[in-house]
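One structure is given below, encoded as structure tokens.
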Amino acid sequence: MRPFYPAMAPAFLALPTTFLTLPAAAADIAVKVEIPRLTVAEYHRPYVAVWIERPDQSVAANLAVWYDVKLKNNEGTKWLKDMRQWWRKSGRELTMPADGLSSPTRAPGEHSLTFAGDKGPLADLPPGEYRLAVEAAREVGGREMLRVPFQWPPKEAASQTAQGEHELGKVQLAVKP
């Protein structure tokens, strides 16, 4: 049998408290955006902006902007202003393409985005009431905006849905602690 060394006792006593001070798992947000298939003579994929806004409708965080990123001479940025709400609140202040934010337009169908609460746009989001905002605008088409309320950080897993009428289909937000 090995002898017990009293000098090691403080290290063993501190071990259980070390585990108590570890940070809790960060909350996550999952977003599903449906782009409906439209039967029109001239179809163009919509530009879409996804962001988080405060109750006063100011922008708390930009999550995604889908537009024609590959057009020569950065010409795709010319139509970003057609997403009027996002453009007025945040878009005009951004330099596009923005790393981690900009991506190409999406085809009709359901598209998923996930964000970890401990990094990226959610890392510095203070606790409170927010709304997920999704705006879509399409050339030779219309524009539409949907908002989905949520609490951050979530106390329990929750899911909310909003249904679009023209440019957007179903927008689903799922938050989990």
Looking at (1) at pLDDT below 95; (2) among the small types (Gly, Ala, Ser); (3) surrounded by fewer than 17 Cβ atoms within 10 Å (Cβ to Cβ), which one does residue 109 not meet, given that it meets all the others? (1)
How many residues are under 23 Å from residue 84 (Cα atoms), within 13 Å of the chain's Cα centre (by Cα) and of a type outside the set (Ser, Thr, Tyr) when one looks only at region 109-148? 10
Where residue 93 falls short, out of the listed (1) under 30 Å from residue 177 (Cβ atoms); (2) over 18 Å from the mean Cα position of the chain (by Cα): (1)
Pair list, Cβ under 6 Å, 6 or more apart: region 146-165 residue within 14 Å of residue 55 (Cβ to Cβ), other residue surrounded by 13 or more Cβ atoms within 10 Å (Cβ to Cβ) and among the β-branched types (Val, Ile, Thr): 150/175
Residue in region 127-177 that is farthest from residue 38 (Cα to Cα), counting only those that are part of a loop (DSSP other than H, G, I, E, B) and basic (Lys, Arg): 155
Residues to consider are 143, 131, 138; find the one that is at pLDDT 95 or above, surrounded by 13 or more Cβ atoms within 10 Å (Cβ to Cβ) and closer than 29 Å to residue 41 by Cα. 143
So in region 48-93, with the set limited to residues that are part of a loop (DSSP other than H, G, I, E, B) and in contact with a helix residue (DSSP H, G or I) (Cβ under 9 Å, 6 or more places away or on another chain), which one is surrounded by the most Cβ atoms within 10 Å (Cβ to Cβ)? 67
For region 30-57, give me each residue that is within 15 Å of the chain's Cα centre (by Cα) and under 20 Å from residue 94 (Cα atoms). 48, 49, 50, 51, 52, 53, 54
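The values are calculated or read from the model by the stated rules, or taken from the named source; none is laboratory data. What you are looking at is a predicted structure, and each value in this text was computed from that prediction instead of being measured. Glycine also receives a Cβ, built like all others from the backbone with ideal geometry; neighbour counts cover every protein chain displayed.
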